[in-house]
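The values are calculated or read from the model by the stated rules, or taken from the named source; none is laboratory data. Treat the numbers as computed from the prediction; the structure is a model and nothing was measured. All Cβ positions, glycine included, derive from the backbone under ideal geometry; neighbour counts span all protein chains shown.
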Amino acid sequence: MLKALTSIFQAYQEMTSKDEIVFGEIIRWMIEQGWPMIGFTAQEGYQRARFLMKDEVLHSLEIILDKKVAAISTLTLRGQCRNQLADPDDMISMFKTDFQNILKLPIFGQMKINHEYNSIYATTAGVRKLGDYMSGRGQVNRPVLEQDLHAKINDVREALRKFKR
Amino acid sequence: MNNVTFNQELEDRFIQLVQSSWDTYSQFEQASWIDDAMMGGVIAAHLQNGFFMLDCISDGSSHYARFVNEQRDRVVVRLMSKAGEDIVFARTLGNIAGLQLSFQRSYPDISKIVKAMKSELKSNLAGGKSSDFPDPGVFKIDAEGTTASCETSILVELKDYVDAKTFLPDTQKIWAHCQAVYQSLEKYLAGVMA
C-alpha cells in the first residue's frame, strides 16, 4: 500500500515538473551548441537562463520559461547585441534611435526591439503547450524543441543584425 | 552657440579611456558568470547521463536542482558560490564554491522510515558550518515522507571545471566527480538503512 502511494506521488511530481524537465533540456542543448550558461534564476513555475553567444551579432541570449496555467507556458527569447560604444558621435546617433523607440509598444508574438545605449535587445515570446515537447515519462521530444529554439534564435539574430557595429 | 573648441586629440583620449574601462568592466562581469556556467554544466552532465531535471531553484548565486532517473533514484545538487562571485575573493582564493550533493531513495516501509528518522537526529549533531561553507565530507541523513536521503559537501575550484576563456563546462569531468560522490552516498545510505 505504502509502495503504491509512493509510486503515485512520485509520478504526480514528475507530471507537474514538465517545465523543469523541458528547461533542463534547453540548457543541455544550448551548452552542447557551445553556448555556456552565464546567468540562472529559477523558482517554482519560472525559469530564466542567460547564455553567452559571442557570435557575429549576438552577445548573449536570455531564455525564459514561465508556466501560466497547467502545462501552458510562455517561452521568451531575448537577444542582446552589444556595441561597446566609446565614440561620442556614435552615442549621439544611438540617442536618436532610443528616442524613436519610446513610442514603440511590445506586441505579443512579434519581435520587440529595445535600445539601451550600448546594448540593443530583441525580444520574442510565444505561448507553448509543454506537452507538445514531451514524448513519454521524463522524455523530451528533442527534435521538436531544438527546431523551435533554432528558428527563434535565428529570428532574434536577424532582427539585431542591422544594429551590430 | 557655446564656445567649445573642438580638439580631436582630446576626443581620441576620451575614446581610449572608455575602451580601457570596457576591459576592466568585462573582468567584473565575467567573475559573476563562472558559477552559472558551472551550474549549466551540472545540469547538462546529469541530463547526458540518464537523469531529467525535476526541480530547480536559484536566486542567482545559490543554485539548487533535483534530478531523477529511470530507476527513480533521485539526486540533489546545491551550488553555493556567493563568495566566489566576488572578484577580490576570486583573485585571492580562487573561484571557490560549495557543492552539496545528495542521493535520495524511497523506502516504502514503516520500520525503514523510523530508522531514517533516528539517523536524521544523529546526523544533526554531526559536522557544522564554519566560514561560508559547510564542513566537507560529512554524511548527513535526512528523512522526508518515505524518502531517505544522504548528503555531503565538498569545496570545488570552478576553474577546474569551466574554461576561463570560453566559459564552457567540462561535463564529462563534472559527471565523473558527481558520480564518485553519489557512489559513496548510496553506499552509506544503504548501510544505514540495512
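Of all residues in the stretch A:106-165, how many are among the β-branched types (V, I, T) and in contact (Cβ under 8 Å) with a residue 60 or more places away in the chain?
3
So which of B:G137, B:G128, B:G145 ends up being modelled with pLDDT of 75 or more and over 19 Å from B:V77 (Cβ atoms)?
So the residue among B:G137, B:G128, B:G145 that is modelled with pLDDT of 75 or more and over 19 Å from B:V77 (Cβ atoms) is B:G145.
When you scan the stretch A:82-94, do you find a residue that is away from chain B (no Cβ under 11 Å), within 30 Å of B:Q19 (Cα to Cα) and modelled with pLDDT of 95 or more, even just one? Full working, then the answer.
Quick first cut of the stretch A:82-94, residues away from chain B (no Cβ under 11 Å) only: A:92-94.
Checking the rest, the ones that are also within 30 Å of B:Q19 (Cα to Cα) come to A:92-94.
Next cut, modelled with pLDDT of 95 or more only: none.
Scanning the stretch A:82-94 turns up no residue that is away from chain B (no Cβ under 11 Å), within 30 Å of B:Q19 (Cα to Cα) and modelled with pLDDT of 95 or more.
Anything in the stretch A:42-58 that is at the interface with chain B (Cβ under 7 Å from one of its Cβ atoms) and either within 20 Å of B:F51 (Cα to Cα) or at pLDDT below 95 (or both)? List them, or say none.
Passing the criteria: A:A42, A:Q43, A:Q47.
Please specify each residue of the stretch B:30-58 satisfying the condition of being over 17 Å from A:I27 (Cβ atoms) and in contact with a strand residue (DSSP E or B) (Cβ under 9 Å, 6 or more places away or on another chain).
Passing the criteria: B:Q30, B:S32.
Do we have B:V88 as β-branched (V, I, T) and surrounded by 19 or more Cβ atoms within 10 Å (Cβ to Cβ) here?
no
Name the single residue that is farthest from A:F51 (Cα to Cα) among those in the stretch A:133-158 being within 13 Å of another protein chain (Cβ to nearest Cβ) and among the basic types (K, R).
Among those that are within 13 Å of another protein chain (Cβ to nearest Cβ) and among the basic types (K, R), it is A:R137.
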